[in-house]
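The values are calculated or read from the model by the stated rules, or taken from the named source; none is laboratory data. Predicted model, so just to flag it, every value in this text is computed and none were measured. Cβ atoms come from the backbone with ideal geometry, glycine included; neighbour counts cover every protein chain shown.
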Amino acid sequence: MIRYTFFILIALSLIISSCESRRSKLDRKNLIPENELVHVLTDLYLTDGLMAIPRINMKYSPLDSSSTYIHIIEKHGYTKETLDKSLKYYFIRNPKKLIKIYDMVLGILSEMESRVQKDILKLKAPAGSLWPGPESYSFPDPSGSDSTVFDISLKKPGSYTLNATVTLFPDDQSLNPGLTAFTCHPDSIETGKRSYIKPIYYIKDGHEHKYSVTFTVPIRTTLHVRGCLYDFANNPGDWEKHLVIKNIAVIYSVVAI
């Protein structure tokens with residue numbers, strides 16, 4: 001939420017000084033233009049927010065706080081006196097215009113805040129994964145489904161790594177459980193030549209283990225990857241499955257040369 005402390009302080013200072021200013025002649029000479037005033041007030045507010053951060057405040061502690069604001073005003077080519085005069089003029093002669101100016105400042109600050117929040121969300125979000133299915137599987141599956149078959153199209157040249165964390169429990173009765181996969185060209189998925197990867201067999205000790213396999217897509221080539229995260233040599237039948245697969249992701253990492 002945008003803080004209004006700085007604007008409140010300005011308003012209070014204007015109210016206090018307005019009693020004296022009402023008797024003095026106020027004119028439009030040498031006022032800061034409206035558009036420029038918006039930018040000056042925006043930078044002053046941002047400075048006020050930065051000065052509220054202890055680490056930054058300590059860095060500039062040798063300076064008087066008002067000197068910091070004066071420096072910002074002067075960077076725009078104006079003086080504190082000119083800013084005071086401009087604010088007093090609008091406050092006394094045209095308060096509706098002053099409200100409009102503040103609304104413009106708040107609009108800019110709100111837009112900045114929105115962009116920052118979006119950037120923060122992007123930073124917090126995990127790296128983009130091309131994994132098309134659920135991020136985790138658990139067996140026995142209450143839903144009755146035991147399929148961990150996947151089908152992925154890799155269209156961008158480079159390296160793709162399939163990662164997964166697997167816990168295979170000792171009471172699991174599958175034979176040679178592990179990950180199997182093959183690649184082929186998309187125009188010959190069903191009938192074309194398949195390139196099988198070396199199977200990855202899971203350790204059956206009840207502990208988490210991380211597994212990964214990398215696929216490389218050459219330039220001007222698109223590959224199709226098909227496989228199974230929980231493959232086994234058992235024939236269909238009534239036997240126990242006890243396994244957890246999680247943190248599944250397919251990450252594009254290195255551009256092929």
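What the table below lists for this structure:
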{"read-out": "Scope segment 110-131; condition in a loop (DSSP other than H, G, I, E, B) and either modelled with pLDDT under 80 or out of contact with any Leu (no Cβ under 8 Å at 6 or more places or on another chain) (or both); matching residues", "value": "Ala125, Pro126, Ala127, Gly128, Ser129"}
{"read-out": "Given (1) under 21 Å from Ser129 (Cβ atoms); (2) at pLDDT below 85, index of the condition Lys246 fails", "value": "(2)"}
{"read-out": "Leu106 vs. criteria within 14 Å of Leu31 (Cα to Cα) and within 39 Å of the chain's Cα centre (by Cα)", "value": "no"}
{"read-out": "In segment 207-245, the residues that are surrounded by 13 or more Cβ atoms within 10 Å (Cβ to Cβ) and among the β-branched types (Val, Ile, Thr)", "value": "Val213, Thr214, Thr216, Val217, Thr221, Thr222, Val225, Val244, Ile245"}
{"read-out": "Top-ranked residue in segment 53-70 [being in a helix (DSSP H, G or I), more than 14 Å from His39 (Cα to Cα) and touching a helix residue (DSSP H, G or I) at 6+ places or on another chain (Cβ under 9 Å); ranked as modelled with the lowest pLDDT]", "value": "Ser65"}
{"read-out": "Single condition Pro236 does not satisfy, out of (1) within 17 Å of Phe139 (Cα to Cα); (2) modelled with pLDDT of 90 or more", "value": "(2)"}
{"read-out": "All positions within segment 27-48 that are surrounded by 15 or more Cβ atoms within 10 Å (Cβ to Cβ) and either assigned to a helix (DSSP H, G or I) or at pLDDT below 85 (or both)", "value": "Leu37, Val38, His39, Val40, Leu41, Thr42, Asp43, Leu44, Tyr45, Leu46, Thr47, Asp48"}
{"read-out": "Residue match in segment 85-101 (condition: among the polar types (S, T, N, Q) and either modelled with pLDDT of 80 or more or closer than 30 Å to Lys156 by Cβ (or both))", "value": "yes"}
{"read-out": "Pairs with Cβ under 7 Å, 6+ apart, first in segment 193-215 and aliphatic (A, V, I, L, M), second in a loop (DSSP other than H, G, I, E, B)", "value": "Val213/Ile197"}
